[in-house]
Every structure is written in structure tokens, then in C-alpha cells.
Amino acid sequence: MKRRVLIAKALSHEPTILFLDEPTAGVDVELRKDMWDVVRTLRAAGVTIILTTHYIEEAEEMADRVGVINRGEMILVEKKAELMRKLGRKRLVLHVTDRLDAVPPALSAFNLTIGSDGHELIYDYDTRAERTGVATLLGELSKADVRIRDLHTDQSSLEEIFVGLVNDPKNETKGAP
């Protein structure tokens with residue numbers, strides 16, 4: 001209830017800029033949903049919202065731009081879409097029919113890894129490249145007599161990118177504990 005009153009108080013002045021510091025910390029699921037509905041409405045009305053949060057999935061859903069602070073230092077400010085494009089990875093997961101103990105030699109150029117008890121081949125690729133290699137890989141799989149049962153792709157989440165940034169040694173503040 002206290003959180004609701006604080007947000008109502010902040011909104012009573014019809015701000016053009018709204019600072020939200022961990023607005024969903026310690027609130028129940030229903031209030032969290034209601035709060036984000038209000039934030040979306042404000043954003044659509046042109047209110048600039050500056051959000052600090054440890055809930056990266058919320059930032060990924062809501063943000064247009066992302067700033068990353070590591071050990072008290074701002075290490076990055078970027079449009080979310082550009083950040084995802086530049087630092088994200090795309091992964092093709094191929095579910096194969098027959099168990100593989102090793103990547104077939106004919107496929108070694110693709111830097112594939114084996115997952116899920118030998119029934120998955122995993123291929124990370126750069127979507128920015130002129131050619132991703134996916135079409136070539138699929139052709140070579142056929143030639144190597146590797147049968148595919150299913151496949152899917154996934155992309156890095158903002159949380160994975162965040163963790164990569166803050167764990168990168170060149171982003172550590174000198175002298176920090």
C-alpha cells in the first residue's frame with residue numbers, strides 16, 4: 001500500500017520526467033502488473049521514465065535505452081535495440097535423431113558444440129554478418145548424414161548481456177574492492 005501511495009503522490013504533479021528507483025521491489029505480482037500498466041500508459045503519453053532496477057527482465061521489457069552501472073561507474077548507455085544487436089548472440093539449436101559423441105569432422109569448421117546428452121548440436125552465429133553460415137551448415141549436416149529431428153533459435157537476453165558486461169575485466173573500476 002505504501003508503494004501505491006508513493007507512486008500516486010509522484011504522479012499527482014503530472015511530471016514530464018519520472019524517476020522510479022526499484023519500484024517493484026517487495027511488491028506482490030498483482031501490484032507489479034498494475035504498476036507496469038501505469039508506467040506503459042505514462043510512457044505512451046510522452047513521460048520520460050528513468051528506472052533503476054535489479055530486475056533485468058523488467059528493464060528489457062520496458063526500456064528504450066539502457067545504462068549499465070558497474071561498481072558505481074556508468075560503463076554504458078545505449079539504445080536497447082542497438083545494445084542487443086551489438087552484444088547479443090544468436091544461437092541455433094539442432095535436435096538430432098541419433099546421439100553424437102563428437103562433432104563429425106566434416107562439420108568442424110562451424111565450431112559446433114554438443115549438448116543435451118549428444119542429441120543437440122549448438123551453433124552460435126553473428127546476425128550482423130553478411131552470411132551467418134546457417135544455410136551452409138544445414139547443407140553440410142545433410143552431407144554428413146546427420147538427421148535433424150527439430151530445431152530452434154534463441155537470442156541473448158538483456159540479462160546475459162548485462163552479466164557479460166559487468167564480468168568483463170576491462171569494465172572493472174581500478175582500485176575497487
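The values are calculated or read from the model by the stated rules, or taken from the named source; none is laboratory data. Computed from a predicted structure; not experimentally measured. Methodologically, a virtual Cβ is constructed for each residue, glycine included, from the backbone with ideal geometry; neighbour enumeration extends over all protein chains shown.
Here are a few things to note about the model shown:
- Going through (1) modelled with pLDDT of 85 or more; (2) outside the structural domain of G115 (by TED's automatic domain parsing) one by one, L92 falls short only on (2).
- Filtered residue count, segment 17-32, keeping only those that are under 14 Å from E58 (Cα atoms), modelled with pLDDT of 85 or more and not in a helix (DSSP H, G or I): 3
- In segment 6-21, the residues that are in the same structural domain as V47 (by TED's automatic domain parsing) form Cβ pairs under 9 Å with partners that are outside any helix (DSSP H, G or I) and surrounded by fewer than 10 Cβ atoms within 10 Å (Cβ to Cβ), at six or more places apart or across chains, as follows: T16/G46.
- Number of the exception - T24 against (1) under 22 Å from E160 (Cβ atoms); (2) touching a residue at least 40 places away in the same chain (Cβ under 8 Å): (2)
- Unmet requirement for E82, which otherwise passes all of (1) farther than 17 Å from H152 by Cα; (2) in a loop (DSSP other than H, G, I, E, B): (2)
- Counting residues in segment 96-109 that are part of a strand (DSSP E or B) and over 14 Å from the mean Cα position of the chain (by Cα) gives one or more.
- Test for T132: is it polar (S, T, N, Q) and either under 30 Å from A59 (Cα atoms) or assigned by TED's automatic domain parsing to the domain that holds E78 (or both): yes
- In segment 111-154, of all residues being surrounded by 12 or more Cβ atoms within 10 Å (Cβ to Cβ) and of a type in the set (D, E), the one that is farthest from D98 (Cα to Cα) corresponds to D126.
- E14 vs. criteria part of a helix (DSSP H, G or I), acidic (D, E) and farther than 30 Å from R149 by Cα: no
- Of the set (1) part of a helix (DSSP H, G or I); (2) of a type in the set (S, T, Y); (3) under 23 Å from the mean Cα position of the chain (by Cα), all apply to Y123 but (1).
- If the condition is being among the β-branched types (V, I, T) and either modelled with pLDDT of 85 or more or not in a helix (DSSP H, G or I) (or both), then segment 127-169 contributes T127, T132, V134, T136, V146, I148, T153.
- Residue selected from segment 64-86 under the condition surrounded by 16 or more Cβ atoms within 10 Å (Cβ to Cβ) and under 12 Å from the mean Cα position of the chain (by Cα), by the criterion farthest from Y125 (Cα to Cα): V66
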